[in-house]
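A quick write-up on the structure given underneath.
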Amino acid sequence: MKYSHPAEIPMSKSLFFNWLGERIISDPRDAGDTHPQTWADDDDIYVGTGDPNWFEKDGEKIHFTTPGAYDNPADALQKMRGQVVEKFTGTPPDFALHRVNDMPGHTGFGGNGGKPCGMICVDGVLYYAIQNLLGWKTPPHRINSQHGSDATIVCSGDHGKTWEPDLNEIQADLCAEQWSEEKKIWLTTEEQRESYKGWKPMFPGADFGGPSFVQFGRNNQDAVDGYVYAVSSDQWDNGQYLRLGRVPKDSIMNRDKWEFYSPDGWVKSLDDSTPILDIEGHISLPEMVYIHALKKYILLTWALHNDFYTPTGSELTILESDNIWGPFSLVHYEWMWDRRELCAYTPRIPLKWFNQNTLEGYMLHSGNWGYTALDGSWVSFVEYYRPHVKKFKFSLRDDPKKNQ
């Protein structure tokens, strides 16, 4: 499915989408972004958070800009730029974010170190996909965008307290940086990082550089077969291709068991795979969920109006299909998603917060990480750079109440 713009995609013949109510913003100390999420067997929503600019001290959340939090502000930047594992509890508007694991070896902000891209719980085990594990790379499309490459998967049998393999030491060796306002000094060369002490990412390169696990309800209970699926864009923002992979649910950590979609059948090599969606400049880090009440797959993606630049805002695209590989129909396209200064990105649909009877739920997304506004004023990332949720509803096209 190749298009030049999301608006070219044929409209869904079965679904409408409407926003309900106002956007809800989390605690201002919950600074971070991306938030790939899954509904686990213990009834909590676990998430990966990129660049988490807060920490816990004596049981209290402390934003790294809090006066006196650190003797040396550079220490805060060094510690908080990276990625961590957290969890949501409750249901909007009464929900809260809690730290589970600081993942201390994962430093390097933005695309300079490990960042979250996927999370799923299967039979009580959490699986976490992390990209950019070999540091900064040039993106395959649109040179001003941010890459999304070199992904791997780690797993946890204790709800995120510990992970295997433990990449903290490896990442500290590979991607730790000496922070300054002018430059970052890497401890290793790119060649040294390609295969460090025999370790390398499960999915080197960009083709499957940001696997986002397809969500099938609590603890994967609504899975349609014995596979776990993931979709991946080919860079973090404003990429072109979306690919689909799958693996037997008992072999998620075994790279040799993964296979990828092709119209002629599932193939072992990414080079032989075929993108399930092709929209140059409009495919960014995705989310796909299965709505069992509809027996449909909902695919969310987004794009920035200017490559890796927030002052001009973003777009939201919501698609649906009866099949996980498509073809997809357009449910909702929003050229200016919410408001320009918010610059929303990385949409998610936590299925714990979705009612399968009323088809109402909450969309989770991130917000502006803090560039200057069009008029030259500073947009505070403290205001927007944290989780946001907004209620929505799917309606059937033959539902007389669809516009109520």
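The values are calculated or read from the model by the stated rules, or taken from the named source; none is laboratory data. Just so it is clear, the structure is predicted and the values come from calculations on it, not from any experiment. Quick reminder, even Gly has a Cβ in these numbers, built from the backbone with ideal geometry, and neighbours come from all protein chains shown. Just so you know, the surface numbers come from the protein's heavy atoms only, side chains and all, with ligands and any DNA or RNA stripped out. Shrake-Rupley method; radii C 1.70, N 1.55, O 1.52, S 1.80 Å.
With the Cα gyration tensor of region 259-381 giving a ≥ b ≥ c as the square roots of its eigenvalues, does the rule (a/c under 1.5 for rounded; else a/b larger than b/c for prolate; else oblate) give rounded, prolate or oblate? It is oblate, given that a/c is not under 1.5 and a/b is not larger than b/c. Of ARG348, ARG218, ARG255, the residue with the greatest mean-square motion in the GNM of the chain, using alpha carbon springs below 10 Å, is ARG255. Taking label points 7 Å from Cα along the Cα-to-Cβ direction, THR138 and LYS161 give a separation of 4.7 nm.
Leaving ligands, DNA and RNA out of it, report the carbon-plus-sulfur percent of the accessible area of the chain at a 1.4 Å probe. Display every interim value, and only then the final one.
Working: 7630 of 15860 Å².
Looking at the chain in its full context, I get 48 percent from C and S.
Across region 274-305, the residues whose backbone nitrogen lies under 14 Å from the label position 7 Å along the beta-carbon direction of LYS2 are 274-281.
For the chain, the solvent-accessible area works out to 39 Å² per residue, with a probe of 1.4 Å and every protein chain left in place.
Before anything else, pin down the relative contact order of the chain: Cα pairs under 8 Å, at least 6 apart, normalised by residue count, whole percent. Averaging sequence separation for qualifying contacts and normalising by length gives 18 percent for the chain. For the chain, a/c is less than 1.5, where a ≥ b ≥ c are the root eigenvalues of the C-alpha gyration tensor. That puts it in the rounded class. Straight-distance candidates among the aspartates and glutamates for linking to LYS13, with alpha-carbon spacing under 17 Å and chain neighbours fewer than 8 residues away dropped: GLU320, ASP322, ASP398, ASP399.
Here the calculated FRET efficiency for ASN254 and THR189, from their Cβ-Cβ distance with R0 = 22 Å, stands at 0.15, rounded to the nearest 0.05. With R₀ fixed at 30 Å, the C-beta to C-beta distance from THR312 to ILE24 puts the FRET efficiency at about 0.75.
Using helices alone, I'd like the mean residue ellipticity at 222 nm for the chain: each DSSP H run of four-plus residues gives -39500 (n - 2.57), total over residue count, nearest 500.
On the way: 4 runs with 24 residues, N = 404.
The helix-only estimate for the chain comes to -1500 deg cm²/dmol at 222 nm.
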